[in-house]
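Peer 1: Below: one structure in structure tokens.
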Amino acid sequence: MWDYSDTVKEHFFNPRNAGEVAAANATGDVGSISCGDALRLQLKVNPDTEVIEDSGFQTFGCGSAIASSSALTEIIKGKTLDEALKVSNQDIADYLEGLPPEKMHCSVMGREALQAAIADYRGEVWSDDHEEGELICKCFAIDAVMIEDTIRANDLSSVEDVTNYTKAGGGCSSCHEGIEEILTKVLAEQGIEFDADSAPKPRIQPLSEPTPETPPEAPSGLSSFQRIKKIEEVIAKVRPVLQADHGDIELIDVQDNKVMVHLVGACAGCQMAGMTLGGIQQQLMEELGEFLHLIPVQKKPVSAAKGA
Amino acid sequence: MDGIYLDNNATTMVDPEVVSEMLPYFTEQYGNPSSIHQFGNKVGHAIKKARGQIQDLLGAEYDSEIMFTSCGSESDSTAILSAIKAYPKRKEIITTVVEHPAVLELCKHLEKEGYTVHFLDVDSKGRLDLDVYQSLLSPSVAVVSVMWANNETGNLFPVEQMAEMAREANVLFHTDAVQVVGKLPIDLKNSKIDMLSLSGHKLHAPKGIGVLYLKRGTRFRPLLRGGHQEHGRRAGTENAASIVGLGVACELAKKHMAYENSEVKALRDRLQESILDAVPNCFVTGDPENRLPNTLNIAFEYIEGEAILMLLNKDGIAASSGSACMSGSLEPSHVMRAMDIPFTAAHGTVRFSLSRYNTPEDIDKVIEAVPPIMAKLRKLSPYWGDNGPVENPGEAFAPTYA
């Protein structure tokens, strides 16, 4: 059985706001293709203030799907629609004191139901382009669709590349065979044969174990001070984008070509984190003109890592 | 331990008699059976005795046909990989879509390595079409691997007949019989089954011990080389204590065979009837007329298996489910999908698998606990109204899938 937190179990055994809402004026019906679960969220919105006066759910799904639905209805009650739209799936997971990585999509389904219900209230049509695939890297919760898309978008050709761009495979490394299979498939589409023999040795440095410090070289011709300042500038530039998604990024350290950052809020544990990091790393490399690894590090252990 | 254990197809309690017979082989007779000194000189005899007990349960002609392995999966891999190495020019394999992953995943892997694998389909009751099977048997087939009983539904395949057909076509036949050994009588000396896998922990022996039965004369290539053990067919120091335990477990299984097929079966049947009577919108999956005596698999429509199991567990009842959420995979059980069970029912399948340790009182408690659990979850389900499924559930609730 999954390593569910006590809060998840409590919300599953005693779900809040289960059932239909009398006089509901907003309904969101969504399902998660990745496990067949489905959720109907109903809201009673005050037309004058746009405050959610009541919310209720009906869920066809597993323990964490029911618990996520229950948590969501509790979180949004009393909020205005605009406030409610700021609730991220990470907020739902945090409210439940963490979800196993395989179950994060249950919280995503909750957030999508909320978006769908609010769209319904506002007379809009909600659609979602967020596609989920088979979970490949369980350490960082990266699925096959994201790995495939990243390989195509960046012409990646090795497991190490995939790890650098998505984080997938950077933990326990037991998914490397799966990543190689995806590489083989995607490269074959382009008429390229995946070359396992040319894989670099030694293999990828585990992301959780930063290498010992050595005096920083500045291949970009900048002094170490200028170089770090430049890195800080790039990071400062991307922060507003992340903050808009209820996340944030913080520069922790620079060692050689490794830039250690700490992801917080909605970014930590998000399936998009890897993609985000890839983008920021790309920007850093363009600005500094040297190869840099952007490595997410934990400042302190967080509960979201439970069960990884 | 308190609680009602109805998950015996997953694994079983080690019989206390098995444990006590095993203990001396940890602390007294711990020598290597290959040694001649006093710490190991009885181990060889104990292993020989166990081999005989297993031979007896399987109805094998010779005790040298019993080859010890570490588990059922190792036996399956050994059998299939041996066959394709022994017949290197034969590039086809026949198996079924409902096999255990130990066979299914290996065959899919071999497919990537260039083998043509014929996965036999099943009908809505989980049955094979033997005409299709017959048409696929040819000199290009290296091995047929078909499970004797399905772990999820308990359904039995006619493997003895299929082995005869394979022999006619001069093709090796392997069966994964981990769910059958100890539950139904087996008579291998009068069958054409060439290889058979069994696993100790499915019949009240410990985990970590398995057997590959290898009919005398079957061409074989070892998976593990480098030792004389098991006549050089499976290197590695013998797991002596577990082998002794498996021997005892086989003897006990034979002793309880009639009980399993009368008393245990009666408990299972009563559980089935009572649940079907008390809970609306549920049905037995597979072929109820043709299955193991201990297994009951019920699909509860419009609710999800993991949620059911969590509530059962709260009432002290252990069972299992074919829901996707149980494994973190994308799909509900491949067995349920193969039988074309609709999504909204496949997710709600629950397997109750009994053993000779279950009592009539256990079953009474389960019969009492199940209906309120299903009612509670259905109250949460968007497909369920006040007194039953909503009208046209597929239309009344048609979520946007993302």
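Derivation of every value follows stated rules applied to the coordinates shown; laboratory data play no part. What you are looking at is a predicted structure, and each value in this text was computed from that prediction instead of being measured. Positions of Cβ are backbone-derived with ideal geometry, glycine not excepted, and every protein chain shown enters the neighbour counts.
Peer 1: Which semi-axes, in whole Å and largest first, does the equivalent ellipsoid of chain B have when worked out from the alpha carbon gyration tensor as the square roots of 5 times its eigenvalues?
Peer 2: 38, 27, 17
Peer 1: Could you work out the Kirkwood radius for segment A:1-127, taking every pair of different alpha carbons, averaging 1/r and inverting it, reported in Å?
Peer 2: Mean inverse Cα-Cα distance, inverted, gives 14.1 Å.
Peer 1: Can you give the average number of partner chain beta-carbon atoms within 10 Å of each beta-carbon in peptide A:6-12, as a whole number?
Peer 2: Counting other chains' Cβ atoms within 10 Å and averaging over A:6-12 gives 1.
Peer 1: Tell me the angle of helix B:72-86 to the major Cα principal axis of chain B, expressed in degrees between 0 and 90 and rounded to the nearest ten.
Peer 2: So the inclination is approximately 60 degrees.
Peer 1: Take peptide B:303-315, look around each residue's Cβ out to 10 angstrom, count Cβ atoms belonging to other protein chains, and average those counts.
Peer 2: The shielding value for this peptide is 5.
Peer 1: Still on this structure: Quick one: which residues, 5+ away or cross-chain, put their amide H under 5 Å from the amide H of A:VAL261? H built at 1.01 Å from N.
Peer 2: Sorted by chain and number, the residues that satisfy this are A:ILE252, A:ILE295, A:VAL297.
Peer 1: Can you tell me how the protein assembly as shown classifies by the Cα gyration tensor, rounded, prolate or oblate, using a/c under 1.5 as the rounded cut?
Peer 2: Note, shape of the protein assembly as shown comes out oblate.
Peer 1: Another question about this same structure. Mind checking A:110-119 for the average number of partner chain beta-carbons within 10 Å of each residue's beta-carbon?
Peer 2: The mean count of partner-chain Cβ atoms within 10 Å per residue comes to 1.
Peer 1: Roughly what would the spin-label model give for B:GLN272 and B:LYS376, points 7 Å off Cα along C-beta, in nm?
Peer 2: Once both label points are built, they end up 2.7 nm from each other.
Peer 1: For Cα pairs less than 8 Å apart in space and 6+ apart in sequence, what is the mean separation divided by the residue count of segment B:257-383, i.e. the relative contact order in percent?
Peer 2: Worked out over segment B:257-383, it gives 32 percent.
Peer 1: Please turn the phi angles of segment A:42-52 into ³J(HN,Hα) values with the Karplus equation 6.51 cos²θ - 1.76 cosθ + 1.60 (θ = phi - 60°), one per residue in order, whole Hz, x for glycine and proline.
Peer 2: With coefficients 6.51, -1.76 and 1.60, one gets 10, 10, 10, 9, 6, x, 7, 9, 6, 8, 7 Hz.
Peer 1: Using Cβ contacts closer than 10 Å as the measure, can you line up A:TRP2, B:TRP384 from fewest to most?
Peer 2: Ordered from fewest to most neighbouring Cβ atoms within 10 Å, A:TRP2, B:TRP384 come out as A:TRP2, B:TRP384.
Peer 1: With charges set only on the Cβ (+1 for Lys and Arg, -1 for Asp and Glu), what does the dipole of the protein assembly as shown come to about its Cα centre, in debye to the nearest 20?
Peer 2: Dipole about the Cα centre, nearest 20: 2460 debye.
Peer 1: With labels modelled as points extended 7 Å from the Cα through the Cβ direction, what inter-label distance (nm, one decimal) is found for A:ASP3 paired with B:HIS231?
Peer 2: Modelled inter-label distance: 4.6 nm.
Peer 1: Moving on. Can you give the angle from 0 to 90° between the axis of helix B:360-380 and the longest principal axis of chain B, with both taken from C-alpha atoms, to the nearest 10?
Peer 2: 50 degrees
Peer 1: Return the FRET efficiency for the residue pair A:GLU97, A:VAL264: r is the Cβ-Cβ distance, R0 is 22 Å, and the value is rounded to the nearest 0.05.
Peer 2: Approximately 0.85, to the nearest 0.05.
Peer 1: Take B:ASP121 and B:ASN32, extend 7 Å from each Cα along the Cα→Cβ direction, and tell me the distance between the two endpoints in nm.
Peer 2: In this crude label model, B:ASP121 to B:ASN32 measures out at 5.4 nm.
Peer 1: Restricting to DSSP loop positions (anything but H, G, I, E, B) with no more than 13 other Cβ atoms inside 10 Å of their own Cβ, which GluC sites (Glu not before Pro) remain in segment B:1-86?
Peer 2: Here the sparse-neighbourhood loop sites are B:GLU28, B:GLU61.
Peer 1: Something else now. Taking H placed 1.01 Å from N in the peptide plane, check which residues at least 5 places from B:GLN179 or on another chain put their amide H under 5 Å from its amide H.
Peer 2: B:ALA149
Peer 1: A further question follows. Could you please state, rounded to a whole Å, how far the C-alpha centre of segment B:248-312 is from the C-alpha centre of segment A:46-77?
Peer 2: 37 Å
Peer 1: Non-local amide H neighbours of B:ILE317 (under 5 Å, H modeled in plane, Pro and chain starts lacking H): which ones?
Peer 2: Sorted by chain and number, the residues that satisfy this are B:ILE4.
Peer 1: While we're looking at this one, here's another question. Taking neighbour counts of Cβ atoms within 10 Å as a proxy for exposure, in what order, fewest first, do B:HIS37, B:HIS45, B:HIS256 appear?
Peer 2: Exposure proxy ranking, most exposed first: B:HIS37, B:HIS45, B:HIS256.
Peer 1: Can you figure out the FRET efficiency of A:GLU250 with B:ASP2, using R₀ = 41 Å and their beta-carbon distance, to the nearest 0.05?
Peer 2: 0.25
Peer 1: While we're on this one: Sum -39500 (n - 2.57) across every DSSP H segment of at least 4 residues in the protein assembly as shown, then divide by the residue count to get the 222 nm mean residue ellipticity, nearest 500.
Peer 2: Result for the protein assembly as shown: -11500 deg cm²/dmol, rounded to the nearest 500.
Peer 1: Residue by residue through segment B:129-141, which ³J(HN,Hα) values in whole Hz follow from phi under the Karplus form 6.51 cos²θ - 1.76 cosθ + 1.60 (θ = phi - 60°), with glycine and proline marked x?
Peer 2: 3J(HN,Hα) across segment B:129-141, in whole Hz: 9, 5, 5, 4, 4, 4, 5, 8, 5, 7, x, 8, 8.
Peer 1: Order by neighbour count: B:GLU113, A:GLU53, fewest other Cβ atoms within 10 Å first, most last.
Peer 2: By the 10 Å Cβ count, ascending, the order reads B:GLU113, A:GLU53.
Peer 1: If you average the alpha carbon positions of segment A:115-149 and of segment B:134-171, how far apart do those two centres end up, in angstrom?
Peer 2: 43 Å
Peer 1: Nearest 0.05, what FRET efficiency do B:LYS48 and B:ARG219 give at R0 = 22 Å with Cβ-Cβ as r?
Peer 2: Efficiency, from the Cβ-Cβ distance: 0.30.
Peer 1: Please work out the C-alpha center-to-center distance from segment B:332-378 to segment B:4-71 and express it in whole Å.
Peer 2: Using only Cα atoms to place each centre, the spacing works out to 34 Å.
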